[in-house]
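Enquirer: Submitted below is the structure of interest, expressed as structure tokens.
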Amino acid sequence: MANSAIVSGHKAKGRQETIFIDKEYIEGLLETAKQADDAVITAALDKADRFEGLNHREIAALLASNNPAHLERIFAIAGKIKQHIYGNRIVMFAPLYVSDHCVNRCAYCSYNCGHSFGRRKLTQDEVREEVRILEAMGHKRIAMEAGEHDKECPIDYILECMKTIYDMKFENGEIRRINVNIAATTVENYRKLKETGIGTYILFQETYHQPAYERVHQAGPKRDYAYHLTAFDRAQEAGIDDVGGGVLFGLADPYFETLALMIHNEHLEERFGVGFHTISVPRLCPAPGMNMADYALVDDATFEKIVAVIRLAVPFTGMILSTRESHEMRKKLLKIGISQISAGSSTEVGGYAKRERQEKAHNPQFIVNDERSALSIISELMDDEYIPSFCTACYRNGRTGDRFMRLAKSGDIKNVCLPNALMTLCEYAMDYGDEPFKQKAANAIAREMPTIGNAKIRAKTGENVEKIRLGQRDFFF
């Protein structure tokens, strides 16, 4: 890997895994970074200001600085990057939990196999019911979630759920992209996911700090740090070139986690030519059987700084924030880096149908802190002059992996992202909004339309918006 010396061998279960995260190296780098002088930090900030990204040594220097002038500039550049690259677009999605059966004993998770509750997995009819509700909320992109259990939730079950979802067609459209967040698995299984039409494969390392990792993963296959760490290598080998990483902030030192996450991204870029398509930044939430006092909880100010530094480090990588965070925190982070949020989420198996029946949640994976409806969240985004986007065009056009990144870095992606966002917002408003909402969406579209740089695409977008208002659907570039 460029700029680091962090390769060691790890043999487990007959495999040879490569651990590319060196705990001592990262801890030493963070300590050394505390001595970085103003010239080093200024050079890193100047580089970020040119949308060139940062290497992990530069990231360490920014994380270590508490100089108010440096912090002010970090946030200013993060806001500039967010606006320049992503504009006012915010991509919308929702999770879909299909099984809470799990063989792992993870201290921070309500699905911990040591917990006793009535576990379940959805039948295909129940999958259809959940998807019906999600589509009625206007969602076109979902993240499928499941615990790890080879008997109760094998890969064939996940594939069956995906096929069921993709086969569903509604009057107002269908789910067009299924991202999948399941346990680390084999190259063969990743190939099956690719063949079935996976969008992005999502997996959180949870913590890159190996002693902390082994402390909180007390039993089960997930306890194998190296196998979990190298999951994206196997996914890439299987042809899945859109992968999404993340950590669960609160399990170990947050600066260690941030730096390790960025080193993981560098590893993927060096080996496969493309790093993370998305990065998620969840913070630890209470779960049954855990004592929050046992964890290194991340305060709001530190969390905001981390989000801003990640945005500087990987300007073209999508950043995802879930409903773990409050309404107020989500508003703050949208300004400095977050480009995707969930809306109207349920984190329980069968939770959407249960909520529709006005039943109390039984065993959500984590507590949702932003409980507003999808429509309410989307409406407020427009009040704040964002454009909620339901676009899935890049995936459907094969603009994934390094092809997507080349377009993003060239700036050409703007010629499709904003037009697609405007067309999908119009579609959403016509299908799910009342008259005041439709007017609000029309105003937002009219405000943003002149900012489409390519005159031909701007004109075509305007034509398509009018066709959508007259009843046609699913236009995209």
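Enquirer: Of (1) more than 30 Å from THR451 (Cβ to Cβ); (2) in contact with a His (Cβ under 7 Å, 6 or more places away or on another chain), ALA94 satisfies all except one. Which?
Expert: Result: ALA94 fails condition (1) only.
For every residue, the table says whether it meets (1) more than 30 Å from ARG469 (Cβ to Cβ); (2) surrounded by fewer than 21 Cβ atoms within 10 Å (Cβ to Cβ); (3) modelled with pLDDT under 95; (4) in contact with a strand residue (DSSP E or B) (Cβ under 9 Å, 6 or more places away or on another chain).
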| site | (1), (2), (3), (4) |
| --- | --- |
| ASN172 | no, yes, yes, no |
| ILE175 | no, no, no, yes |
| ALA183 | yes, no, no, yes |
| LEU193 | yes, no, no, yes |
| GLU206 | yes, no, no, yes |
| GLY239 | yes, yes, no, no |
| VAL243 | yes, no, no, yes |
| LEU248 | yes, no, no, yes |
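Enquirer: Here are ALA287, ALA301: which of them is touching a Cys at 6+ places or on another chain (Cβ under 8 Å) and either of a type outside the set (Val, Ile, Thr) or surrounded by fewer than 20 Cβ atoms within 10 Å (Cβ to Cβ) (or both)?
Expert: Only one candidate passes the filter, namely ALA287.
Enquirer: Out of ASN415, ASN464, ASN369, which single residue is of a type outside the set (Ser, Thr, Tyr) and in a loop (DSSP other than H, G, I, E, B)?
Expert: The match here is ASN369.
Enquirer: Going through ASP370, ASP434 one at a time, which residue ends up being in contact with a His (Cβ under 6 Å, 6 or more places away or on another chain) and either among the acidic types (Asp, Glu) or surrounded by fewer than 21 Cβ atoms within 10 Å (Cβ to Cβ) (or both)?
Expert: Only one candidate passes the filter, namely ASP370.
Enquirer: Listed residues ARG132, ARG128, ARG73, ARG119; which is farther than 21 Å from ARG283 by Cα and in a loop (DSSP other than H, G, I, E, B)?
Expert: Selected residue: ARG119, the only one of ARG132, ARG128, ARG73, ARG119 that is farther than 21 Å from ARG283 by Cα and in a loop (DSSP other than H, G, I, E, B).
Enquirer: Any residue in the range 441-465 that is acidic (Asp, Glu) sitting within a Cβ distance under 8 Å of a residue that is exposed (fewer than 12 other Cβ atoms within 10 Å of the Cβ)? List the pairs, counting only those 6 or more apart or interchain.
Expert: none
Enquirer: Given (1) over 26 Å from the mean Cα position of the chain (by Cα); (2) assigned to a loop (DSSP other than H, G, I, E, B); (3) modelled with pLDDT of 95 or more, identify the lone condition not met by ASP46.
Expert: Going through the list (1) over 26 Å from the mean Cα position of the chain (by Cα); (2) assigned to a loop (DSSP other than H, G, I, E, B); (3) modelled with pLDDT of 95 or more, ASP46 breaks only (2).
Enquirer: Listed residues LEU284, LEU312; which is among the hydrophobic types (A, V, I, L, M, F, W, C) and farther than 24 Å from ILE74 by Cα?
Expert: Testing whether each residue is among the hydrophobic types (A, V, I, L, M, F, W, C) and farther than 24 Å from ILE74 by Cα leaves just LEU284.
Enquirer: Also: Scan the range 184-243 residue by residue and report those that are of a type outside the set (Ser, Thr, Tyr), part of a helix (DSSP H, G or I) and touching a Gly at 6+ places or on another chain (Cβ under 8 Å).
Expert: Those that are of a type outside the set (Ser, Thr, Tyr), part of a helix (DSSP H, G or I) and touching a Gly at 6+ places or on another chain (Cβ under 8 Å): ARG191, LYS194, PHE232.
This table checks each residue for (1) in contact (Cβ under 8 Å) with a residue 60 or more places away in the chain; (2) within 21 Å of ALA231 (Cβ to Cβ).
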{"residue": "HIS84", "(1), (2)": "no, no"}
{"residue": "ILE90", "(1), (2)": "yes, no"}
{"residue": "VAL103", "(1), (2)": "yes, yes"}
{"residue": "CYS109", "(1), (2)": "yes, yes"}
{"residue": "LEU122", "(1), (2)": "yes, no"}
{"residue": "CYS161", "(1), (2)": "yes, yes"}
{"residue": "ASN179", "(1), (2)": "yes, yes"}
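Enquirer: Being outside the structural domain of ILE306 (by TED's automatic domain parsing), surrounded by 22 or more Cβ atoms within 10 Å (Cβ to Cβ) and at pLDDT 95 or above: is that true of ILE74 here?
Expert: Judged against the criteria, ILE74 is a match.
Enquirer: On to the next question. Please state which one of VAL416, VAL465 is over 18 Å from ILE341 (Cβ atoms), in contact with a helix residue (DSSP H, G or I) (Cβ under 6 Å, 6 or more places away or on another chain) and of a type outside the set (D, E, K, R).
Expert: VAL465
Enquirer: Let me ask something else. Just wondering, is there one or more residues in the range 385-399 that are modelled with pLDDT under 95, surrounded by fewer than 21 Cβ atoms within 10 Å (Cβ to Cβ) and of a type in the set (Lys, Arg)?
Expert: Within the range 385-399 (the criterion being modelled with pLDDT under 95, surrounded by fewer than 21 Cβ atoms within 10 Å (Cβ to Cβ) and of a type in the set (Lys, Arg)), the answer is yes, since at least one residue qualifies.
Enquirer: Here is a follow-up. Can you pull out the residues in the range 208-231 that are among the aromatic types (Phe, Trp, Tyr) and under 28 Å from THR302 (Cα atoms)?
Expert: Residues satisfying the conditions are TYR208, TYR213, TYR225.
Enquirer: Could you count how many residues in the range 184-222 are in contact (Cβ under 8 Å) with a residue 60 or more places away in the chain and within 16 Å of GLY244 (Cα to Cα)?
Expert: 6
The values are calculated or read from the model by the stated rules, or taken from the named source; none is laboratory data. Because the structure is predicted, anything quoted here is derived from the model rather than measured. With ideal geometry, Cβ positions are generated from the backbone for all residues, glycine too; neighbour counts draw on all protein chains shown.
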